[in-house]
Every structure is written in structure tokens, then in C-alpha cells.
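Following: one structure in C-alpha cells, then a few remarks.
The values are calculated or read from the model by the stated rules, or taken from the named source; none is laboratory data. Owing to the predicted nature of the structure, the values given are computational and were not obtained by experimental measurement. Cβ sites come from the backbone with ideal geometry, for glycine too, and all protein chains shown count toward neighbours.
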Amino acid sequence: MSCGEPVMFHFKVPSSPLLAQVCHTEVISLRPYVEVGDIEEDGWSRFLFLSNKITKIIVDCGLHYASLERIKLAKQAFGGEPFSQLQTLRKGVEDGELGGVSLVTVPSLKRVFLPCFSLPANDMTWVANSMPVMAPNIAHFGIEELGWDHNMEISRYSALEHLELGWGYVNTRFWESLASCQILRKIVLTGCVDNLENPGWRVDSVYFPALRTLKIRSSRLRGLPKLILRSRMPILECLYWDAASVPPNHTIDAMAAQLKQYSPKLDTDMLYHIPTGDSSDSFGDSDDDRW
């Protein structure tokens, strides 16, 4: 669907309690509610009724600013909170489109995937600071296309269990911020670059008490050994990297020696390479947590 067409939301709606494992897709056009004139009370009531059945949203393109303003005015005039049962959100975000994300950032949200394009620094600040406050139960967070001049801050995502960062910037501040996520069990880094020298580490080691899996898919992430040597991962079970990310043999030996000491659950004789062409953990569609 192109962004020139009427704005559509694709919703996953549970069909019935007896068929809880089966979902059908309901396509709702927002045009009757928000594209033409003010939102009437009957239309708002219908919108609330439908939106509060929704558990999953995939949004193809952004809502116009005027549409968002009409929704805000309707909430003020008639009351009610839309999308109160939402658990999963997948939405592409460009400059100026975070208003559409804020509309569906609700406390029930548990899984978020945001492909981002040319986000300014203030929008990145909103993602880092405001989103985890509005949706404190996000357990699975994926974000990509940040640009290599953007830093991502994760420390406020206290419920985070699974992080996927794609085509982003990994520096010491980012890695240290992950230590605030005490139940983080899986990290996937795809296409990332690093700068682990400046401004330097603030701590002697970064502690990951719950991390079980670390997967690297990035030929530009040359600092992988530094991340490993600086980290303490007591229950790490799986460490993967693709062929383009393989460290030199002498570095692997140093990593293995430390992992034997600090990650006893990891079989250091089986440090895994991701096979070429393996797509079992493609971005936003991980092997153990399907979108």
C-alpha cells in the first residue's frame, strides 16, 4: 500500500474464545473517523470499540498530523482510551511521524519493532525516554536504520528481555546502558558499527545477569572482542557471529579463556558461526519470538 492511499490499519483481532489460537485480519479505514472534518461521537465510540479489541498492529504508513490532532480532540471531548489491549506494534517511522507511534504506545504493549528513517535527535530521545515510560512492559524491542551517527539509549526499558538493533551505532555508552536491563536474555546486533574507544568505558565490567544469547551479524562491528572481554555474562549459553564478523584466532583464544571463567554454561569449544544464508533470525522475526 502506498502512502497516497487512504490510511489503513491492519489489525489482528481474536476471533472467539473457542478459537483463541486463530486470528483473522480486520482492515479498518480511519478515513471515516479522522480524515474528513471533526470526529463525531458515534464514530469515536465505534473507533474505541474496534480499537480495544486489537492486540497487534502493523501500520503501513504514517497518519497525517491533522488526523492525529482530531484524535486528540476526540479523546478530550468524549473520553476513553483506544488500543487498551494492544500487545504488539510494528511501524515504520520517519521524521515527524512519532505522533502516530505515541497514539498506540499504551501500557499493555509488550513487543515493538520500529524501522526508523532519518529520525532527528529529539525523536530518538522520545524513543529512549518517553516510550518506556508510556509502555513500561515492553519485553521485546527491535529498532533499525538509526544511522551510524545516532546513539541509542536502552536503560529505561526495565522489562526488556529481547533486544534487536539493526544498522545502528554501538559505543561504550550504549553497551553500558544495557546493564540496566536486568532481565535481558537475548541481544541481536545486525549491520551495526562500533566506536568503543571514545569517550571510553566508565566501568570495569558490564554485568548481564540474565543474558543467554548474543548474536552478531555485522562485518563492521570490529569491536566484538572488546564487548565480550568487558562483559560478565554468568548464564550465557549461546554466542553466535557470522563469517564476516569472525575475530582473529588469537582474539578468539582470549575470549574463550574469559568465557570459561565468567560464562560457565557456554561450551567454548562450540563458539558458533552463523551459516551463510541462514535466515532463522532475520531482523524483526527472531527464531524464538515470532512477530
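Rundown of residues vs (1) of a type in the set (S, T, N, Q); (2) in a helix (DSSP H, G or I); (3) surrounded by fewer than 17 Cβ atoms within 10 Å (Cβ to Cβ), yes/no style:
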{"position": "Pro107", "(1), (2), (3)": "no, no, yes"}
{"position": "Leu119", "(1), (2), (3)": "no, no, no"}
{"position": "Asp123", "(1), (2), (3)": "no, yes, no"}
{"position": "Val127", "(1), (2), (3)": "no, yes, no"}
{"position": "Val133", "(1), (2), (3)": "no, yes, yes"}
{"position": "Leu146", "(1), (2), (3)": "no, no, no"}
{"position": "Leu160", "(1), (2), (3)": "no, no, no"}
{"position": "Ile183", "(1), (2), (3)": "no, no, yes"}
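Set side by side, the residues Arg70, Arg46 differ, and just one is more than 29 Å from Pro136 (Cβ to Cβ) and modelled with pLDDT of 70 or more, which is Arg46. Working carefully through the options Asp281, Asp269, Asp285, Asp253, find the one that is surrounded by fewer than 18 Cβ atoms within 10 Å (Cβ to Cβ) and modelled with pLDDT under 55. Exactly one residue qualifies, and that residue is Asp285.
So, of the residues in region 82-105 that are within 21 Å of Glu161 (Cβ to Cβ) and of a type in the set (D, E, K, R), which turns out to be surrounded by the most Cβ atoms within 10 Å (Cβ to Cβ)? Among those residues, the one meeting the criterion is Lys91. Each residue in region 210-238 was checked for being buried (at least 17 other Cβ atoms within 10 Å of the Cβ), of a type outside the set (Gly, Ala, Ser), within 23 Å of the chain's Cα centre (by Cα) and not in a loop (DSSP other than H, G, I, E, B), and 8 of them qualify.
When only residues in region 37-56 that are of a type outside the set (D, E, K, R) and assigned to a helix (DSSP H, G or I) count, which is surrounded by the fewest Cβ atoms within 10 Å (Cβ to Cβ)? Selected residue: Phe49. If the condition is being hydrophobic (A, V, I, L, M, F, W, C) and either assigned to a strand (DSSP E or B) or at pLDDT 90 or above (or both), then region 162-173 contributes Leu163, Leu165, Val170.
Residues that are in a helix (DSSP H, G or I) and among the aliphatic types (A, V, I, L, M) were ranked within region 239-266; the one that is nearest to Leu229 (Cα to Cα) is Met255.
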